Amino acid sequence: MTEPAAVTSVEAPPSGGTGGPAGRQGTGKPTSLWGDARHQLVRNPIFLVSCLYILVVTSMAVLPRMWTSQSPRTCDIRLSRNSPELWDHPFGFNLNGCDYYAHAIYGARPSLQIAIVATASVVVLGGLVGLLAGYFGGWVDAIISRITDVFLSLPFLLGALVLLTLLQVRNVWTVSLALIVLGWTVIARIMRGSVIETRNLDFVAAARALGAGHGRIMGKHILPNAIAPVVVYATILLGGFVSAEATLTFLGVGLQPPAASWGVMISTHQQYFDRDPWLLLFPVGLLVGTVLSFIMAGDALRDALDPKLQ
Amino acid sequence: MGTYVLRRLLQFIPTTLGALFLLHYLTSLGIQLTGNPVRAIFGDRTPTQAQMDALANSLGLGDACLQRVGDPCPALFLDRLQAIFLHFDFGINVNRRPVIEIVGDALPFTLKLVVIAIIFEAVVGITAGVLAGLRNGGFVDYLVKITTVLMISVPVFVLGFAVRTFVNVHLGNWFRAGDMMPDWFSQGVMSPVYKPDYPWASLVIPGLVLGSLSLATTARLTRTSILENVRADYVRTARAKGLPRKRVIGVHTLRNSLIPVVTYLGVDFGGLMGGAVVTEGIFGVPGIGREIFRAVLQQQPSVILGIVTLLVMVFLIMNLLVDILYAVLDPRIRYD
């Protein structure tokens, strides 16, 4: 990490830092930011392990039957909180005597569903708002920024608490809605900053000189070059929302027991932590692993996409 | 800078009104779409319409506009603003106790908790961040990186439970059984719940749990900021002049690196209040967070709305102060 490296890396993104002896020197082919990032990411073991874990959890959410043949709804109250048995019931039984392993597998779906619905909506909404504010500037920016300020002044957890206590219906959609309403502002700010940086670059001026309209410049020229920080933050946000769902459920305003998310598993069994710690260890392990994977993947993405940090 | 402060002050008013309106509109919309939460207070009993109306009216949830979906209820909003700014009235709970009184009683505990948390995250977070930033890519850097990622990914309520069970109960029992530690430690610091006999000691561990929320962010922010600044020209100049390393780091680098960190610590108030709901709930601290936690469990929407409205106003004032402080701290930035 000497100064010259820092200076050159601005001109020639990540390849300089990690090329090594086996780098792709001398091909003469210009590489894009994403190409370089991909090159770096497939060699990053942390990123690969995180992706693998995310893939496993996603497969639990999409196809729970692939992982277990038992149903989390077939319960025998006599088996309540029975300890794990190695092959048939590796996670034991929950409070109602249902198979805990099946419960944990089926619990992936609501947790991930909330995270994905909320993150996707936040990226679309916040990204669009940020793009417009950053691109047009002036009074559009002024109005949008003030509105963003107002939303930002509601602290995340407190705002979600108020919203969800007043809602009588609490399911995957209302919890996602609360997360979206309070979460889009950060994405909008990141997008706006990134667009402002990109807006004044030469290729945008060139496109404008060639007569491209606002829509085309935004969609074809600015968006692909400004989206990187948003992608990084969205990856981390996926983890944040998985954790937020669990916290809200713990506080009693998230999903309610017939639903089987990891948050519900943790909050239902918290009082048995002392006697049957495995009742908490399994859902907490899955939850923390998922959040960790998203954060690590996001960090790796940022390192690959941001040449300045090399 | 004078104009900047003035402009910031002027911006403060519409933002506060906007935030209060947003809170009002979102809650009204929630009630309009899913029914009046007052019904839930009666549980499985069936109230008469008159009972329902009386309770809803006393809690400020009886306005007819709360039944028309999409109505922003401007009259109700003006009433609430009037109550807040003219009478300092944030509503009452089911037992007719004013919210402002509840908050007043709970405030000292939360304040102590937040002070402990902020000291902890500032001292440990900044130290860790500086050490990691100075040895970029070294062992300490990796250690800090891994620890912070782990801390971010464990939800605070899981951390709270784990700490309460393993540290306060198990380790604490061991200390309480032996006689080698003074009482304030084994009975106070190690107590799994808040004890009025040890007003500071029994808040230490809840405070640390609360502070660990933002500790990781503080450390990472300091690290990035240090990394950026050690490459700056003025640091190179200082080093070239032959200044001792201690001075180059301690005075030249740190001073500029800490500006974003101080800002973050100031703005983090909202996050700390959210975390306080969880930590105070787990450790039984009779602070504002536990009042919110209790109000959620007892389904008292008017209390939650009142407390959160008050907190949002405090949060905005904090933001304002931090912004003004920022202008004082960092003369490099031009405010036009």
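Computed over the Cα atoms, what is the radius of gyration of the range A:178-273 divided by 2.2 N^0.38 Å, N being its residue count? Cα-based Rg divided by the globular estimate yields 1.65. Using r as the Cβ-Cβ distance of B:D105 and B:E228, and R0 as 35 Å, what FRET efficiency do you calculate, to the nearest 0.05? Efficiency computed from Cβ-Cβ geometry: 0.20.
Taking every alpha-carbon pair in the range B:233-336 and binning the separations at 10 Å intervals from zero gives 13, 29, 22, 17, 13, 5, 1 percent. Spatially, the range B:213-250 and the range B:254-277 are offset by 19 Å when compared through their Cα centroids. Seen from B:E280, the other residues with C-beta closer than 9 Å to its C-beta sum to a net charge of 0, counting Lys and Arg as +1 and Asp and Glu as -1.
From the largest down, the range B:71-176 spans 61, 41, 26 angstrom on the principal axes of its Cα atoms. Look at where the Cα atoms of the range A:240-310 and of the range A:106-183 average out, and the two centres are 19 Å apart. When the Cα convex hull of the range A:107-259 is projected onto planes of every orientation, the mean area is 9.5 nm². Rounded to the nearest whole Hz, the Karplus-based 3J(HN,Hα) values (6.51 cos²θ - 1.76 cosθ + 1.60, θ = phi - 60°) of the range A:286-302 follow the sequence 4, 5, 4, x, 5, 4, 4, 4, 5, 5, 5, 4, x, 4, 4, 4, 4, with x at glycine and proline.
Shape analysis of the range B:120-262 based on the Cα gyration tensor places the equivalent ellipsoid semi-axes at 38, 16, 13 Å, largest first.
Phi angles across the range B:225-240 convert, under the Karplus curve 6.51 cos²θ - 1.76 cosθ + 1.60 with θ = phi - 60°, into 3J(HN,Hα) values of 5, 5, 4, 5, 7, 5, 8, 5, 4, 5, 6, 5, 4, 4, 5, 5 Hz, Gly and Pro given as x.
Between amide H atoms placed 1.01 Å from N, distances below 5 Å from A:C98 occur with A:D76, all of them 5 or more places distant or on a separate chain. Taking a sphere under 11 Å around the Cβ of A:V232 and counting the other residues whose Cβ falls inside, with K and R at +1 and D and E at -1, yields a net charge of -2. The equivalent ellipsoid that matches the C-alpha gyration tensor of the range B:145-187 spans semi-axes of 28, 11, 8 angstrom, in descending order.
Amide H to amide H distances under 5 Å link A:G254 with A:T249, where only residues 5 or more positions off or on other chains count and H is placed in the peptide plane.
What the Cα atoms of the protein assembly as shown give is an Rg and a Dmax of 26.3, 84 Å.
Working note: Karplus 6.51/-1.76/1.60 with θ = phi - 60° gives the range B:147-161 the couplings 4, 5, 4, 4, 5, 5, 8, 8, x, 5, 6, 5, 4, x, 4 Hz, where Gly and Pro are set to x. Remark on B:I92: its backbone amide H falls under 5 Å from those of B:V99, a criterion applied only to residues 5 or more positions apart or on other chains, H modelled at 1.01 Å from N. One compactness figure for chain B is 1.20, namely its Cα radius of gyration divided by 2.2 N^0.38 Å. Relative to one another, the C-alpha centroids of the range B:76-132 and the range B:1-66 are positioned 19 Å apart. With helices as the sole contributors, chain B gives -22500 deg cm²/dmol at 222 nm; each DSSP H run of n ≥ 4 counts as -39500 (n - 2.57), and the sum is divided by every residue.
Bear in mind that the values in this text are calculations on the coordinates, not laboratory data. If you're wondering where the values come from, they're calculated on a predicted model, not measured in any experiment. For neighbour counting, all protein chains shown are included, and Cβ atoms are generated from backbone atoms with ideal geometry for every residue, glycine included.
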